[in-house]
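Everything below concerns the one structure shown next.
The values are calculated or read from the model by the stated rules, or taken from the named source; none is laboratory data. None of these values were measured; they are calculated from a predicted model. Cβ placement follows ideal geometry from the backbone for every residue including glycine, while neighbour counts extend to all protein chains displayed. Please note that ligands, DNA and RNA were not included when accessible areas were found on the heavy atoms of the full protein model with its side chains. Shrake-Rupley method; radii C 1.70, N 1.55, O 1.52, S 1.80 Å.
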Amino acid sequence: MTKFSDLNLNPKVLKAINEAGYETPTPIQAEAIPPALEGRDVLGIAQTGTGKTASFTLPMITLLARGRARARMPRSLVLCPTRELAAQVAENFDTYAKHLKLTKALLIGGVSFKEQDVAIDRGVDVLIATPGRLLDHFERGKLILSDVKVMVVDEADRMLDMGFIPDIERIFGMTNPLTRQTLFFSATMAPEIERITNTFLSAPARIEVARQATTSETITQGVVMFKASRRDREASEKRKLLRTLIDKEGDKCTNAIIFCNRKMDVDVVAKSLKKYGYNASPIHGDLEQSHRMKTLDSFRDGSLRFLVASDVAARGLDVPNVSHVFNFDVPSHAEDYVHRIGRTGRAGRDGTAMMICVPKDEKNLADIERLVQNEIPRLENPLKTAKPAEVADGGEEKKYTGRTRRSSKSGETRSKTSDKVAAATDTQAATPETNVQAPAAAADTQTKSKTDSRQNKSDDRRANSNDNRGKSGDNRSSSRSNNRSRGGRDNGKTVVGLGDHLPSFIALSFEERRAG
DNA sequence: AAAAAAC
């Protein structure tokens, strides 16, 4: 088998690789490093988790080991779609270039220009950037890219999704095609990506690595088909279902990423989990950059157990050892499902991916199953399994004290009235195992059973008016979706209740469902 | 329909 020592890497790079504990390259590293060292263009079709980052940093460091950068004229450039990814690539350079005197600069938004300006002025060997901030520097005349010897485009398909392709083309145009070597990575080869590579790569070595996440055997997948007892309770009942799924996994769930489709839901879910005693923090693009970094660091070092995330964290982030991925929402782009669950089951380890699918997401679920060419196993809804006797004496979800009422903007208030489902879910939350997992939830449950429903209703109104004041857009959008579903395809086949009635689609085979 | 990325 190929070893790193067989690859003609700079001895000081090899030393750093050994110190990091690696001996054997991953397939993409073994295949991409030799042509890259020969100065050839490389087209790598691979996802993160395959060792992609090192497959370009290692040869780059080796190539850059000789020579020295001139002021404002970086010798190499790595473009990444998100700030986190760029920061991660920068760390990778630090790790493997530690025995060499290479200078680097990280050009990302959300942080001050000053430090970046100083570094550029001094001259850098490696520039790692997101497109927006790079162009910003360029337009201010701070940057000359004509001396770039190696240019890397990482996660090109994500750049495409994010509308960065025109920027990328502009940046390509700022470099010298005759002296530039290009290493280009993408998880998929969409037609637009194909076009870019045909335009900017010359006779590339094409390296394709199996798409590990498509239906990785190391990931146990499942989806819970869930219909709320009432439309307006969907959000809070989903959160309860999420807690139950987490609790059922027990110690097997050492850490997890919980994906939501919208930033607002990321905040709400994180806040709700915290309220119930779970160690959770949100991450999405509206949070301050320094805060994003801090959150990610604590998730990596294990002090944070649950990362509630938008798709900012779906791709590229290297967070080893994630035991679980929970898709609180079904992603609306099927491709994103593959990226999200690819955060677990990495490097041959076992992982679990669970998703909650509400009726309006069934079409997206079908798209995902078509993409991965597999039916995602249906999981029993754990909230439906409570025995009737327990249901009868279950408490209500709420019972807000004055203190918690203030936090009711998180949306928990909407699920307060008593009905079979709310009672059943509370009973579930009060089981002993759950108490161990979520002490705050347990305390809440014990005090809540005496709450009378009139009190609840008035709380509800108050909380809703708070919501209106705080974020009016929120309510508008939820009433929009209500209307849509009322006039929509739910007609005639609305599932009644949750306890005894099987949603009709579950009885259908996958083929029948697609056909009908 | 939303998220990400530039001030």
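Quick notes on this structure:
- Anisotropy class of region A:37-131 from Cα gyration tensor, a/c 1.5 cut: oblate
- Theoretical gain in end-to-end length, A:Lys3 to A:His291 [0.36 nm per residue, Cα-Cα removed]: 99.8 nm
- Measuring with a 1.4 angstrom probe and ignoring ligands and nucleic acids, A:Cys253 comes out at about 0 Å² accessible.
- With DNA, RNA and ligands ignored, accessible area of A:Ile207 (1.4 Å probe; Å², nearest 10): 10 Å²
- Amide H partners (placed H, <5 Å) of A:Val152, local residues excluded: A:Leu77, A:Val78, A:Leu79, A:Leu183
- The phi torsions of region A:172-185, fed into the Karplus equation with coefficients 6.51, -1.76 and 1.60 and a -60° offset, translate into couplings of 4, x, 7, 9, 9, x, 7, 10, 8, 9, 10, 10, 10, 10 Hz, rounded to whole numbers, with Gly and Pro shown as x.
- Cross-link check: pairs A:Lys98/A:Lys149; A:Lys252/A:Lys360; A:Lys52/A:Lys114; A:Lys360/A:Lys384 evaluated at a Cα-Cα cut-off of 28 Å; pairs beyond the cut-off: A:Lys252/A:Lys360; A:Lys52/A:Lys114.
- Region A:230-323 shape via C-alpha gyration tensor axes, a/c threshold 1.5: oblate
- Protection proxy ranking of A:370-376, A:129-135 - average other beta-carbon atoms within 10 Å, highest first: A:129-135, A:370-376
- Peptides A:225-235, A:52-62, A:331-341 ranked from most to least packed give A:52-62, A:331-341, A:225-235, packing being the mean of other C-beta atoms within 10 angstrom over each peptide's residues.
- Using the Karplus relation 6.51 cos²θ - 1.76 cosθ + 1.60 with θ = phi - 60°, the per-residue 3J(HN,Hα) values for region A:142-151 come to 8, 9, 10, 9, 6, 9, 5, 8, 10, 10 Hz, with x marking Gly and Pro.
- Derived scalar couplings between HN and Hα for region A:85-99 equal 5, 4, 5, 5, 5, 4, 4, 4, 4, 4, 5, 8, 9, 5, 9 Hz in order, rounded to whole Hz, by the Karplus curve 6.51 cos²θ - 1.76 cosθ + 1.60 (θ = phi - 60°), x for Gly and Pro.
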